[in-house]
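S.K.: Sharing a structure with you now.
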Amino acid sequence: MRPIVLRPLAVLLGLVALGTGPGAAVAQVQLRCDGTLLEARGSAEQERPTRRLSFSLALEAEGPTADAALQGLQERLAAVRQALQQLQVEELRVTSPSTWQREADRRRPAAVTASLQVSGRLAPERLQPLIREVGALPGVRLAPVGTEADRAQDAAVRRQLLRAAYQDALTQARDVAAAVGLSRLAPLEVQLEGNDFRPVMMRAAAAEAAPPFDPAELAQPVNRLGLMVRFCAR
């Protein structure tokens, strides 16, 4: 149960900065309630269709020297890049490489490891070749795959969540007001508490003779929004 707070004859004071510079003026805003101050928190969430998948992978190569390790990494990156281009990957990003020295031990000699990160987005129906073809390339370690909704719909979804979250808070406030014999509510202040996107990850692993990885089995992306509303109840 979300907390609801009642305060009689409340006066709320806040400070609002006017302007953007370091010498911006500060104005005092007074919110007055000649009745009972009632606070209610509302929330809403919406599950959305998967528009595309986000992925990332680590790529490594070893060599006796840093130059050899970087040369091997460059060759492996060329193979990965070609495979991803065939999958029509969007927003392909490649980080700059890093190297570190591995000390010799009883089982293997000293070597230099070079690595970098690759990320991008692709259509859900290309999940299987991403895992089986790209994930099987030398030096590739796939990270969990995430689902993403259509960004063009973000503004519309946010408006829907705002209305639903406010209605949730209003319904609670009306119930509490009626319980204490009050019937009129006037909103005084609304504070947004965040628009949360929940990415859903799928561990990528390949096995021979296994059924294909199905993007429809991934949970759909979810948007959440919460807010707090102060009402004056009379």
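S.K.: Excluding ligands, DNA and RNA, what is the solvent-accessible area per residue of region 62-142 at a probe of 1.4 Å, expressed in Å²?
M.R.: Per residue, region 62-142 has 61 Å² of solvent-accessible surface.
S.K.: If I stretch the segment between Arg224 and Arg121 completely, what's the gain in nm (0.36 nm per residue apart, minus their alpha carbon distance), one decimal?
M.R.: Difference between extended and current length: 34.8 nm.
S.K.: Work out the FRET efficiency for Ala58 and Ala78 from their Cβ-Cβ distance, taking R0 = 25 Å, and round it to the nearest 0.05.
M.R.: Once rounded, the FRET efficiency stands at 0.95.
S.K.: Additional query: When all protein chains stay in place, what accessible area (Å², nearest 10, 1.4 Å probe) is found for Val180?
M.R.: Around 80 Å² of this residue is reachable by solvent.
S.K.: Please report the accessible area of Arg32 (heavy atoms, 1.4 Å probe, ligands and nucleic acids excluded) in Å², nearest 10.
M.R.: 140 Å²
The values are calculated or read from the model by the stated rules, or taken from the named source; none is laboratory data. Not measured: the values here are computed from a predicted model. Neighbour counts are summed over all protein chains in view; Cβ atoms, including those assigned to glycine, are modelled from backbone coordinates with ideal geometry. Surface areas here come from the heavy atoms of the whole protein model, side chains and all, with no ligands, DNA or RNA. Shrake-Rupley method; radii C 1.70, N 1.55, O 1.52, S 1.80 Å.
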